[in-house]
1. Would you mind counting up the charge near PHE105? Only other residues with Cβ under 12 Å from its Cβ, with Lys and Arg at +1 and Asp and Glu at -1.
2. Tell me, what ³J(HN,Hα) does each residue in the range 108-124 have, in order and in whole Hz, if you take phi through Karplus 6.51 cos²θ - 1.76 cosθ + 1.60 with θ = phi - 60° and put x for Gly and Pro?
3. Once you order the gyration tensor axes a ≥ b ≥ c over the Cα atoms, which shape class does the range 26-126 get: rounded for a/c under 1.5, otherwise prolate or oblate by comparing a/b with b/c?
4. Using the count of nearby Cβ atoms within 10 Å as a rough guide to exposure, how do ARG53, ARG106, ARG78 rank from fewest to most?
5. Counting only other residues whose beta carbon sits under 12 Å from that of LYS123, what net charge do I get with K and R as +1, D and E as -1?
6. So, counting K/R as plus one and D/E as minus one, what does the shell of residues with Cβ under 11 Å around THR46 add up to?
7. Take the Cβ-Cβ distance between ASN57 and GLU111 as r, set R0 to 25 Å, and report the resulting FRET efficiency rounded to the nearest 0.05.
8. Taking the beta-carbon count within 10 Å as an exposure proxy, list ILE31, ILE68 from fewest neighbours to most.
Amino acid sequence: MKKLIFIALLITVSILALHSCIPMFPTIHEIKPAIGTDTTVTVGSTMLSEIERFGVNLFESKLIYCGIEGNIIHVAYREFSNNMARSAFNQDFIWDLSKGTIIKFRNYTMEVHSADNNIISYKIVSG
């Protein structure tokens, strides 16, 4: 009987330990740059970075400025898991600034102040 109680206790402790190592919600959720901040980045640099950490696992999504052609800005979306690119989660987007300077992507809204082939100046309005 003592052996069964010990085994049951060992199983319970193991389950509780495992559950505490794998949280249901992110322990870290960080957005860079901060909402409302005027920002300028160069071609190839990250415009928006969203980081979530689930226990020991790190997930990051990025918007990367790729330049402008006429009034069309080019932006790449990339996802990373534990600092490794997730190839199925890469997309390239274009936005026509002649139609407006507001860019909406997922739950983020950005306002572009200026852009050329070297830099883009913008502000994340909401997210």
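We did not get these values from a lab; they are worked out from the coordinates using the rules stated. None of these values were measured; they are calculated from a predicted model. Positions of Cβ are backbone-derived with ideal geometry, glycine not excepted, and every protein chain shown enters the neighbour counts.
1. Numbers: positive: LYS62, LYS104, ARG106; negative: GLU50.
The answer is +2.
2. 10, 10, 10, 10, 8, 8, 7, 7, 9, 6, 10, 9, 9, 10, 7, 9, 7
3. Values: a/c = 2.26, a/b = 1.64, b/c = 1.38.
Because a/c hits 1.5 or more and a/b exceeds b/c, the range 26-126 counts as prolate.
4. Numbers: ARG53 15, ARG106 11, ARG78 18.
Listed from fewest to most nearby Cβ atoms, that is ARG106, ARG53, ARG78.
5. -2
6. Working: positive: LYS32, LYS62, ARG78; negative: GLU50, GLU60.
Result for the local shell: +1.
7. Values: r = 33 Å, r/R0 = 1.32.
Between ASN57 and GLU111 the formula returns 0.15.
8. In increasing order of surrounding Cβ atoms, one gets ILE31, ILE68.
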